1. Give the calculated FRET efficiency between residue 240 and residue 291 to the nearest 0.05, with a Förster radius of 45 Å applied to their Cβ-Cβ distance.
2. Assuming 0.36 nm per residue, please report the length gained on full extension of the stretch residue 176 to residue 125 beyond their Cα-Cα distance.
3. Quote to one decimal, in nm, the extra length available between residue 169 and residue 250 on full extension: 0.36 nm per residue of separation minus the C-alpha distance between them.
4. Could you check which residue among 83, 182, 135 shows the biggest mean-square fluctuation in a GNM of the chain with a 10 Å Cα cutoff?
5. Taking every pair of distinct Cα atoms and averaging 1/r, then inverting, what Kirkwood hydrodynamic radius in Å comes out for the chain?
6. Roughly how far apart, in whole Å, are the Cα centres of segment 81-126 and segment 1-67?
7. Which one of 44, 226, 29 has the biggest mean-square fluctuation once the chain is modelled by GNM with Cα springs under 10 Å?
8. Nearest 500 deg cm²/dmol is fine: what mean residue ellipticity at 222 nm does the chain get from its DSSP H runs of n ≥ 4 alone, each adding -39,500 (n - 2.57), divided by its residue count?
Amino acid sequence: MIRFESVTKRYPDGTVAVDELSLEIPDRSITVLVGPSGCGKTTSLRMINRMIEPSGGRILLDGTDIADQPVHALRRSMGYVIQHAGLFPHRTVADNIATVPRLLGWDRRRARSRALELMERVGLDPALAKRYPYQLSGGQQQRVGVARALAADPPVLLMDEPFSAVDPIVRKGLQEELLRIQEELGKTIVFVTHDIDEAIRLGDLVAVLRTGGRLAQFAPPDRLLSAPADGFVEDFLGADRGIRRLSFFASSGLELTTAPVVTENAGNAGNAGNGKPADPGGAPYLLVTDAEGRPLGWTDPGRQAPGDRTLIPYGRPFEPGRDSLRTALDCAVLSPIGWAVGVDADGRVVGVASQEAVAAAIRAAHAGHGMVSAEVG
C-alpha cells in the first residue's frame with residue numbers, strides 16, 4: 001500500500017503543485033489520478049519514486065517512509081511507463097525490455113528470456129525482439145514500455161499518461177491489455193491521465209485533483225459518477241456522466257425477444273418456415289440470420305417486392321451479460337431501426353431488444369442499485 005500523508009510540493013518561486021495531499025492507494029489495484037492541467041497529478045506520481053522530492057509531508061510504501069530508502073533501490077523496485085514509451089533508440093526491443101534486469105545483475109541469457117516472455121504477455125510478436133524502436137508503431141512502442149516496466153517483476157507500476165499519444169483504436173486495445181495483465185499479475189498501479197473516460201474504465205479508485213494540487217474527491221468510479229463531491233467534480237465529469245455510469249450496470253437483466261428473428265432460406269426470408277410471414281413480436285422488421293444463426297440484417301417482407309433480398313444493416317451487436325447496459329443502449333441508438341441485436345460469444349443471435357426495453361432495464365438497474373446503496377448505508 002502507498003500512503004500520502006499531507007504531501008505538499010512547493011517550488012522556489014512559490015508555486016504550489018501539490019497541496020496537503022492525503023490518500024491511501026491500496027495494494028493490487030489500479031488507482032487513477034485525474035484532473036485538469038496544473039492539478040499536480042504527474043507531480044504526485046513522480047514523488048512516489050522520488051523523481052521529485054516533496055516539500056512537506058510523507059509518502060509511505062508498505063508503512064516505510066520512502067525518504068529513508070536509497071533512491072536507486074526505490075526506483076528499481078518500481079516499474080515506470082511514460083508517454084511515447086521513452087525507449088532507448090540505440091537498443092533493440094529485447095534489450096530495452098531487459099534494461100532493469102541487467103542493471104540488477106541478471107546474466108544476458110536470463111534477461112533475454114524474460115524479455116521474450118514479457119513480449120508475449122503484452123501482445124507483441126517475439127519476432128520483433130531484434131527490431132529497434134523506430135521500426136515499431138506507436139502502439140507497439142507503448143507495449144514495449146509496459147513490458148520494460150514489468151521486467152524485474154516490481155510490485156508497483158507507475159504510469160504517466162502512457163496511452164495518450166496513440167489513436168483511439170490502439171488506445172482501447174492497450175487499455176484492454178493492461179486490464180488483462182493486471183488480472184493476471186495483480187500489481188499496485190498508479191495511473192495518471194487527463195481523460196475521465198480512461199480513468200473510469202481502468203480505475204478501481206479514482207482521485208480527482210483540482211487546479212492547485214488539492215484533492216477534490218477520491219472514490220470508486222461508480223460512486224464518483226453517482227455522487228460527485230461538488231460542482232467542480234460534476235463539471236469535470238461532464239454532462240454525460242449518467243451515460244458513463246451505465247458502464248457499471250450489466251446487461252444480463254435486459255429482456256430479449258426472439259420473435260422477429262428468422263433464418264434465411266431459399267425462399268422468402270420473412271417466412272417462418274410454414275409459408276406464412278413470421279410474427280415480428282412488436283418489432284418493425286424481421287432480423288434475418290444465416291444458417292449458423294449469425295445476423296445478416298433487417299427486412300420488411302410486407303413492403304418488399306418478390307425476390308428483393310435487400311437488407312437493412314443491423315448496426316453493432318452486443319453480448320448480453322458480458323457487455324454493459326451502456327453498450328446495449330449504444331447499439332440500440334446506432335441501429336437504423338432502433339433495436340439492438342444480442343449475440344453470444346460466437347456471434348450467434350440470442351435475441352433483440354428495443355430502446356424501450358433497454359430503458360426499462362436501466363430503470364430496474366437504478367432501482368436495484370438504490371436499494372443496495374440504502375442497505376449499505
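Values quoted throughout were computed directly from the atomic coordinates according to the rules given, and no laboratory measurement underlies them. From a predicted model like this one, the values you see are computed outputs, not experimental measurements. Here Cβ is always computed from backbone atoms with ideal geometry, including for glycine, and neighbour counts include all displayed protein chains.
1. Given R0 = 45 Å and the Cβ-Cβ separation, E is 0.65.
2. Working: separation 51, 0.36 × 51 = 18.36 nm, distance 1.74 nm.
Length difference between fully extended and current span is 16.6 nm.
3. That works out to 26.8 nm of additional length.
4. Highest fluctuation among the options: 135.
5. 23.8 Å
6. Computed from Cα coordinates, the inter-centre distance equals 28 Å.
7. Sorting by GNM fluctuation, first place goes to 226.
8. Calculated at 222 nm, the ellipticity per residue is -9500 deg cm²/dmol.
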